[in-house]
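One structure is given here, and the rest of the page talks about it.
The values are calculated or read from the model by the stated rules, or taken from the named source; none is laboratory data. Every value quoted in this text rests on a predicted model; they were computed, and no experiment measured them. Every residue, glycine as well, gets a Cβ built from its backbone with ideal geometry; the counts of neighbours run over all protein chains shown. Protein only, heavy atoms only, side chains kept; ligands, DNA and RNA dropped before computing areas. Shrake-Rupley method; radii C 1.70, N 1.55, O 1.52, S 1.80 Å.
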Amino acid sequence: MSEPGGAPQRLLHLTDTHLFADPDALLADVNVHRRFRAVLAALADQSGAAALLHSGDLSHDGSAVAYQRLKAALDSLGLPGRVVPGNHDQRDAMDTAFASGLVTASRSLRLDHWRVITLDSHVPDQVHGWLDDAELRALDACLTDDLDAHVLIMLHHQPVAVGTLWLDAIGLKNPEPLLERIAANPKIRGVVFGHVHHEVGLHINGCPFLATPATAAQFRGGALTFTVDPSAPGYRWIDLHPDGQLSTGVTFVRAD
């Protein structure tokens with residue numbers, strides 16, 4: 001049976017906002033709150049988008065105030081969305097702020113012919129990521145209870161090497177179970193992640209692995225050691241086509 005026709009649905013992906021309770025706080029010499037507000041304004045201009053995704057490090061200081069401010073800002077876009085924790089996040093505070101409303105920390109999001117499945121790679125008090133057995137079982141359950149949907153997976157830590165050595169050393173420490181599931185299931189059509197603070201677009205066995213520039217400071221791709229890139233904040237748009245294909249691009253935003 002052929003796939004149904006129709007227009008693609010657009011996702012808006014942002015990541016690594018690193019907000020503080022203090023909106024004047026700096027991280028790597030940039031005002032993360034000001035950069036986030038610039039990206040938020042650009043997202044608000046994306047009329048016709050279907051949903052938004054945030055792939056972790058929502059807050060840098062783990063404060064309830066930062067999560068509440070981010071939650072209100074994302075909900076103001078009027079789009080359903082999902083968030084996952086990054087290594088800087090405090091899971092309990094994040095879950096409390098994103099327990100209800102349009103943008104939540106729920107496991108999945110259904111969009112016509114597609115389903116976004118979120119995975120929690122956060123390890124308390126560690127920089128690297130890990131998918132424990134409970135997360136893998138949850139992924140398996142999602143993959144089997146909705147066989148008609150094309151799947152986009154979102155997590156914080158990169159499950160593949162991105163060519164930036166110091167970041168690859170602190171990525172997902174046990175990527176094999178996830179990569180095995182991706183290789184075995186043709187309905188998994190893409191993976192989006194954060195953590196690396198620069199654009200990544202890899203295709204592995206036909207599956208796109210996509211990272212989006214941070215709204216906070218950027219890191220220089222390919223650097224051997226920690227190196228900040230002075231480029232602007234950005235976001236990614238992802239068009240989900242009914243036939244399981246996706247198209248995507250990155251937009252950088254001026255933030256003076």
Checklist entry - Could you state the per residue volume, in Å³, of the convex hull enclosing the Cα atoms of region 92-234? => result 129
Checklist entry - What shape does region 1-83 have by the C-alpha gyration tensor, where a ≥ b ≥ c are the square roots of the eigenvalues, rounded means a/c under 1.5, and otherwise prolate means a/b greater than b/c and oblate the rest? => result prolate
Checklist entry - With every protein chain kept in the model, how would you rank Thr144, Thr17 by accessible area, 1.4 Å probe, largest at the top? => result Thr144, Thr17
Item to check | Per residue accessible area in Å² of region 140-256, where ligands, DNA and RNA are left out and the probe is 1.4 Å | outcome: 41
Next on the checklist: Quick check: at a probe of 1.4 Å, how many percent of the accessible area of region 19-144 sits on carbon and sulfur atoms?
Outcome noted: 48
Item to check | Centroid-to-centroid separation of region 111-130 and region 199-229 [C-alpha atoms, Å] | outcome: 17
Checklist entry - For Glu135, what accessible area in Å² do you get when you roll a 1.4 Å probe over the heavy atoms of the protein chains, rounding to the nearest 10? => result 20
Checklist entry - Give me the log10 of I(q) over I(0) for region 35-126 at q = 0.10, 0.19, 0.22 Å⁻¹, as the Debye formula computes it from C-alpha points; what are the numbers? => result -0.25, -0.89, -1.15
Next on the checklist: Roughly how far apart, in whole Å, are the Cα centres of region 151-186 and region 13-56?
Outcome noted: 24
Next on the checklist: As a test of reading the structure, rank Phe193, Phe252 by solvent-accessible area (1.4 Å probe, protein chains only), most first.
Outcome noted: Phe252, Phe193
Checklist outcome for this item: One computes Rg over Rh for region 176-256 from alpha-carbon atoms, with the Kirkwood Rh, and obtains 1.03
Next on the checklist: Quick check: residue separation of Val65 and Asp140 times 0.36 nm, minus the Cα distance between them. What number comes out in nm?
Outcome noted: 23.5 nm
Checklist entry - Dipole size in debye (nearest 20) for the chain around its Cα centre, Lys and Arg Cβ +1, Asp and Glu Cβ -1? => result 460
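Based on Cα coordinates alone, diagonalise the gyration tensor for region 137-202, multiply each eigenvalue by 5, take square roots, and list the semi-axes in whole Å, largest first.
Rounded to whole Å, the semi-axes are 24, 12, 10.
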Checklist entry - How far is helix 133-145 tilted off the main Cα axis of the chain, in degrees rounded to 10, range 0 to 90? => result 40
Checklist entry - Under a 1.4 Å probe, what is the accessible area of region 82-125 per residue, stated in Å²? => result 41
